[in-house]
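The values are calculated or read from the model by the stated rules, or taken from the named source; none is laboratory data. Just so we're clear, the structure is a prediction, and the values are computed from it rather than from any experiment. A quick note on method: Cβ atoms are made from the backbone with ideal geometry, for glycine too, and the neighbour counts reach across all protein chains shown.
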Amino acid sequence: MSVKGWTVVYRGSRIQGEIIAAALQADGLTPEVFGDSAYGVGVDLTDARLMVPDGQASRARRLIERAEHEPDEPDDEPEEEPDGPAEEDA
């Protein structure tokens, strides 16, 4: 699929394309996801293309690549194991 003035920056699952589009839009870009919306029970049966205006393609690719290579964010709070009943201050 080719649309004058737009560049494909992602090809793959429709669900992943929608997630990437939301992230790009939150960063000020203008993404559009193209592809059929045929979902099964827990299965995405379609192939999608995520496109942005030509002038935003380089930035979109950098953001996508950076997100793919960044480690997951650590939990904000460490998990605590219960030591038993809590002590009350007297």
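Listed by first and then second residue, the pairs linking a residue in the stretch 1-22 that is closer than 16 Å to PRO53 by Cα to a residue that is buried (at least 16 other Cβ atoms within 10 Å of the Cβ) and among the polar types (S, T, N, Q), with Cβ atoms under 7 Å apart and 6 or more places separating them unless they lie on different chains, form an empty list.
Results for (1) in a loop (DSSP other than H, G, I, E, B); (2) modelled with pLDDT under 95; (3) surrounded by 13 or more Cβ atoms within 10 Å (Cβ to Cβ); (4) touching an Asp or Glu at 6+ places or on another chain (Cβ under 8 Å), shown as yes or no for each residue.
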| site | (1), (2), (3), (4) |
| --- | --- |
| LYS4 | yes, yes, no, no |
| GLY12 | no, yes, yes, yes |
| GLY17 | no, yes, yes, no |
| ALA23 | no, no, yes, no |
| THR30 | yes, no, yes, no |
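Of all the criteria given as (1) assigned to a loop (DSSP other than H, G, I, E, B); (2) at pLDDT 90 or above; (3) exposed (fewer than 11 other Cβ atoms within 10 Å of the Cβ), the one not satisfied by ALA86 is (2).
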